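Trainee: Take this structure, written in structure tokens, and hold onto it; I'll ask about it next.
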Amino acid sequence: MKNRSKINKHSVCKIISWMIGALLILVGVFPFLWVVMSSFKPLSEIQSVVFQFFPKQWTLENYRSIFSSSSVYFPSGTNFLRSIVMTLMVSFIALFLSLTVNSLAAYAFARLEFPGKKILWSVYAATMFVPNIAILIPCYYVVSKIGLTDTMAVLILPGVTYVWSIFFFRQFYLGIPDVLEEAALLDGCSRIGIYTRIFLPMSKTPFIIMGLSVFQGFWNAYIWPSMTIINNTSLYQVNQLLAYFRNSQGTHWDLLLAGTVITCIPLILMLTVMQKYIVQGIKISGVK
């Protein structure tokens, strides 16, 4: 009887925990599902005071309009598809440069000995607590003085060095056994050789985790591209164009929601494919 009562209590607790988990998932996912459903509604239905989750009248006109009639809402010389391609180019170039620079810097802080390393790392790590928005004006002043405005480089270079990425890689590299590095040094391998032949092949998980973070940051960039650093409409980023759906005549919610769904697709696909590495990354992120 006691064992049966324990089993019943365990089953009840398990059912309750599943219900709470399902409720939390529903609360978190519901806003996005509403955006997706609303992107298939006409504007009149979206603005209706009567709440309706599923569209009464399903339509693809919002998606057609955002591509075929974008010139009506966007500045001349650009369109939504071109902006998506440009944003993808910027994001992937920045992704490659960021992972290369930050992983090399992390290897230096984790494995090399040089004068002032501890002080330099302490100062550099302290910048993690400085909000990015606090340095936007100084960054704009620097890029304008060196003539980088209105170029693709201004969308990429200021965000390549990412202190959180260096910290993440450093923590991972500190956990790699010293004997591997010592054996490679005895065999005459250079520091670059050790990095490329030992550390790099073992860094698949942190590279994917940080790669997703970097890609998301550049793909979702809005404030920095909008700070008049780009006047050439062919370089406009996708979130810059979405902002044009809100103007003095009102907000075109039908097109804005459709554009939002489109911009979410690359991130959802990447997160779905790489989700197992995200779980592994949680184990790595602890401070050693």
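Trainee: Given (1) more than 21 Å from S226 (Cα to Cα); (2) open to solvent by 70 Å² or more (accessible area, probe 1.4 Å), where does I146 come up short, assuming only one miss?
Mentor: Among (1) more than 21 Å from S226 (Cα to Cα); (2) open to solvent by 70 Å² or more (accessible area, probe 1.4 Å), I146 violates only (1).
Trainee: Quick check on my filter: what residues within region 149-175 are open to solvent by 40 Å² or more (accessible area, probe 1.4 Å) and touching a Ser or Thr at 6+ places or on another chain (Cβ under 7 Å)?
Mentor: Passing the criteria: only Y162.
Each row is one residue, and each column tells you yes or no for (1) over 16 Å from V214 (Cα atoms); (2) modelled with pLDDT of 85 or more.
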site	(1), (2)
L242	yes, yes
T251	yes, no
L256	yes, yes
P266	no, yes
K276	yes, no
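Trainee: Moving to a separate point now. Can you tell me which residues in region 155-193 are without any contact (Cβ under 8 Å) to a residue 60 or more places away in the chain, assigned to a helix (DSSP H, G or I) and more than 30 Å from L136 (Cα to Cα)?
Mentor: The answer is D178, V179, L180, E182, A183, A184, L185, L186, I192, G193.
Trainee: Next question, about the same structure. Kindly establish whether W34 is modelled with pLDDT of 85 or more and not in a helix (DSSP H, G or I).
Mentor: Considered against the rule, which asks whether it is modelled with pLDDT of 85 or more and not in a helix (DSSP H, G or I), W34 comes out as no.
Trainee: Counting only residues that are at pLDDT 85 or above and open to solvent by less than 30 Å² (accessible area, probe 1.4 Å), which one in region 66-85 is farthest from Y244 (Cα to Cα)?
Mentor: It comes out as I84.
Trainee: Within region 101-125, take every residue that is open to solvent by 50 Å² or more (accessible area, probe 1.4 Å) and in a helix (DSSP H, G or I) and give me the one that is nearest to V238 (Cα to Cα).
Mentor: For region 101-125, the residue satisfying everything is V101.
Trainee: Can you find a residue in region 188-209 that is at pLDDT 85 or above, more than 15 Å from the chain's Cα centre (by Cα) and within 26 Å of S65 (Cβ to Cβ)?
Mentor: Taking every residue of region 188-209 in turn, none turns out to be at pLDDT 85 or above, more than 15 Å from the chain's Cα centre (by Cα) and within 26 Å of S65 (Cβ to Cβ).
Trainee: Anything in region 45-56 that is under 24 Å from T263 (Cβ atoms) and either among the hydroxyl-bearing types (S, T, Y) or part of a helix (DSSP H, G or I) (or both)? List them, or say none.
Mentor: Across region 45-56, the qualifying residues are E45, I46.
Trainee: Enumerate the pairs (first residue in region 218-236 and within 13 Å of M152 (Cα to Cα); second residue anywhere and polar (S, T, N, Q) and surrounded by 16 or more Cβ atoms within 10 Å (Cβ to Cβ)) with beta-carbon separation below 7 Å, excluding pairs fewer than 6 apart on the same chain, so at least 6 apart or on different chains.
Mentor: The qualifying pairs are F218/S91; P225/Q237; P225/Q240; I229/T149; T233/T78; S234/T78; Y236/T78; Y236/S83.
Trainee: Return the residues of region 57-84 that are in a loop (DSSP other than H, G, I, E, B) and hydroxyl-bearing (S, T, Y); say none if nothing qualifies.
Mentor: Within region 57-84, T59, S69, Y73, S76, T78 meet the criteria.
The values are calculated or read from the model by the stated rules, or taken from the named source; none is laboratory data. Note that this is a predicted model, so its numbers are computed, not measured. We place every Cβ from the backbone using ideal geometry, glycine too, and count neighbours over all the protein chains shown. Please note that ligands, DNA and RNA were not included when accessible areas were found on the heavy atoms of the full protein model with its side chains. Shrake-Rupley method; radii C 1.70, N 1.55, O 1.52, S 1.80 Å.
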